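The values are calculated or read from the model by the stated rules, or taken from the named source; none is laboratory data. A quick note: this is a predicted structure, and the numbers were derived from the prediction, not measured. Using ideal geometry, Cβ is built from the backbone for each residue, glycine included, and neighbour counts are taken over all protein chains shown.
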């Protein structure tokens, strides 16, 4: 707790701050809880928000088509629309068995080494992401399925918890054997509050990395390539903080998930081995117009994080204290300072109550994917923001947590923590059941 007070005081924040641009008509706990804009948008701003929402839900079509606005799906892709993986702006899930297809999950690929700017080196035949689908005349790259391996852990009071971890199995590979490949299955995160994360000053993130922390917790900055600025900057988005800003993250998803090019990523997602892909018709140069990317960026930046609920309930308040005393808040900082947003003044100078430090941490061998991403190694992951966590069960069909969806609830997610989080996990496992339930009730309030 002393560390937490020191950090928040240094950042000019109170303990367990609740700032942030809240939604219009907040609070809300229905299925639209992650889909509301921040308060105070003008008529013109609401128009752009609505345009971005329309594009986020738009199914793209194969070129050539009569409507140039939605032209250019593929040639290789995973889904037809952003919302296919982010239904109601919520979180995706993992298949329950190897017989089920990945609906809101994908598999990152790379080979040992780095690309020109220090990022992952794409697989020579399959690129940096397995695209299971192809437009007519272009074979999809193959299929990935999940086999679940189970194990158990016994808590101090004797309760037995079953845990599962995924094994990725490839089949129907259309462009030859993969050979040596680094594989990382990823479940799509929810997308509310991203604009506020963009306001946290890079200097504040770097300062957090330098501060001494308890229990062997460290945390480092992942420095990544900014395409528009043409320089290396602090990373903050993505599961390994491997994207510098919301615009680059969004444009990367368009080309990676749907094969939609943009000014930022002007080249189709075809490798040298994928001849039919390279010969397929284009939907334009680029396919995603700059004004369309502007609208999607505006929409995602202005999705409001949901406000906390039940903050005066005694069980929740007890769980909040246990969250801090167990060491969880050393990484899941209750609040970060919001500085000036580079584009959207309405989001500036607010407390960002996201429960993250935006640093990457060694989470131990059990959660490792073995796949480096810029300076983040194969055991490091960004501290995921926790705001909205308690709403996901009502928004999505599952509560699959961690990068690969292995955890079916918050308790399982905690029990997978290792590396720098080992001491906190052990404290949780030693708690009596009533205290564990209090901590979980607190998480449900976020």
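Go through (1) farther than 21 Å from residue 34 by Cα; (2) surrounded by fewer than 24 Cβ atoms within 10 Å (Cβ to Cβ); (3) out of contact with any strand residue (DSSP E or B) (no Cβ under 7 Å at 6 or more places or on another chain) one by one and return the number of the condition residue 252 breaks.
Answer for residue 252: the failing condition is (3).
Check residue 71 against each of (1) crowded, with 23+ Cβ neighbours inside 10 Å; (2) more than 29 Å from residue 408 (Cβ to Cβ) and name the one condition it does not meet.
Result: residue 71 fails condition (1) only.
Restrict the check to region 145-159 and report whether at least one residue is part of a strand (DSSP E or B) and touching a helix residue (DSSP H, G or I) at 6+ places or on another chain (Cβ under 7 Å). Can you show your working first?
Initially, region 145-159 is screened for residues part of a strand (DSSP E or B), giving 145-154.
Imposing the further condition that a residue be touching a helix residue (DSSP H, G or I) at 6+ places or on another chain (Cβ under 7 Å) reduces the set to 153.
Yes, region 145-159 contains at least one residue that is part of a strand (DSSP E or B) and touching a helix residue (DSSP H, G or I) at 6+ places or on another chain (Cβ under 7 Å).
Please tell me if residue 292 is modelled with pLDDT of 95 or more and either in a loop (DSSP other than H, G, I, E, B) or crowded, with 20+ Cβ neighbours inside 10 Å (or both). Don't jump to the end; show me each part of the working.
Working: modelled with pLDDT of 95 or more: yes; either in a loop (DSSP other than H, G, I, E, B) or crowded, with 20+ Cβ neighbours inside 10 Å (or both): yes.
It is true that residue 292 is modelled with pLDDT of 95 or more and either in a loop (DSSP other than H, G, I, E, B) or crowded, with 20+ Cβ neighbours inside 10 Å (or both).
Within region 365-398, count every residue that is outside any loop (DSSP other than H, G, I, E, B), touching a residue at least 12 places away in the same chain (Cβ under 8 Å) and within 19 Å of residue 307 (Cβ to Cβ).
Here is the first cut: in region 365-398, the residues outside any loop (DSSP other than H, G, I, E, B) are 373, 376, 380-382, 389-395.
Of the ones still in play, those that are also touching a residue at least 12 places away in the same chain (Cβ under 8 Å) are 373, 376, 380-382, 389-392, 394-395.
Still in the list and also within 19 Å of residue 307 (Cβ to Cβ): 389-392, 394-395.
Selection size over region 365-398: 6.
Hey, can you tell me all the residues within region 168-203 that are within 17 Å of residue 348 (Cβ to Cβ) and buried (at least 20 other Cβ atoms within 10 Å of the Cβ)? Explain how you work it out, then say what you get.
Residues of region 168-203 within 17 Å of residue 348 (Cβ to Cβ): 193-203.
Once the filter is applied, which keeps residues that are within 17 Å of residue 348 (Cβ to Cβ) and buried (at least 20 other Cβ atoms within 10 Å of the Cβ), region 168-203 yields 193, 194, 195, 196, 197, 198, 199, 200.
Can you tell me which residue within region 414-424, out of those that are surrounded by 20 or more Cβ atoms within 10 Å (Cβ to Cβ) and out of contact with any helix residue (DSSP H, G or I) (no Cβ under 6 Å at 6 or more places or on another chain), is farthest from residue 319 (Cα to Cα)? Talk me through it step by step, then tell me what you get.
Start the filter on region 414-424 by keeping residues that are surrounded by 20 or more Cβ atoms within 10 Å (Cβ to Cβ), which leaves 414, 416-417, 419-421, 424.
Now drop any that are not out of contact with any helix residue (DSSP H, G or I) (no Cβ under 6 Å at 6 or more places or on another chain), which leaves 416, 419-421.
Working: 416: 20, 419: 23, 420: 22, 421: 18 Å.
Per the stated criteria, the residue is 419.
Which residues, taken from region 210-238, are closer than 17 Å to residue 198 by Cβ, crowded, with 21+ Cβ neighbours inside 10 Å and touching a strand residue (DSSP E or B) at 6+ places or on another chain (Cβ under 6 Å)?
The answer is 221, 222, 235, 237.
One line per residue, one yes/no per condition, for (1) assigned to a helix (DSSP H, G or I); (2) in contact with a helix residue (DSSP H, G or I) (Cβ under 7 Å, 6 or more places away or on another chain); (3) at pLDDT 95 or above; (4) crowded, with 23+ Cβ neighbours inside 10 Å:
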site: 267; (1), (2), (3), (4): no, no, yes, no
site: 271; (1), (2), (3), (4): no, no, yes, no
site: 284; (1), (2), (3), (4): no, yes, no, no
site: 288; (1), (2), (3), (4): no, yes, yes, yes
site: 297; (1), (2), (3), (4): yes, yes, yes, yes
site: 305; (1), (2), (3), (4): no, yes, yes, yes
site: 315; (1), (2), (3), (4): yes, yes, yes, no
site: 322; (1), (2), (3), (4): yes, yes, yes, no
site: 342; (1), (2), (3), (4): no, no, no, no
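Here are some conditions: (1) surrounded by 20 or more Cβ atoms within 10 Å (Cβ to Cβ); (2) more than 20 Å from the chain's Cα centre (by Cα); (3) free of Cβ contacts under 8 Å to residues at least 40 places away in the same chain. Residue 327 meets all but one. Which one does it not meet?
(3)
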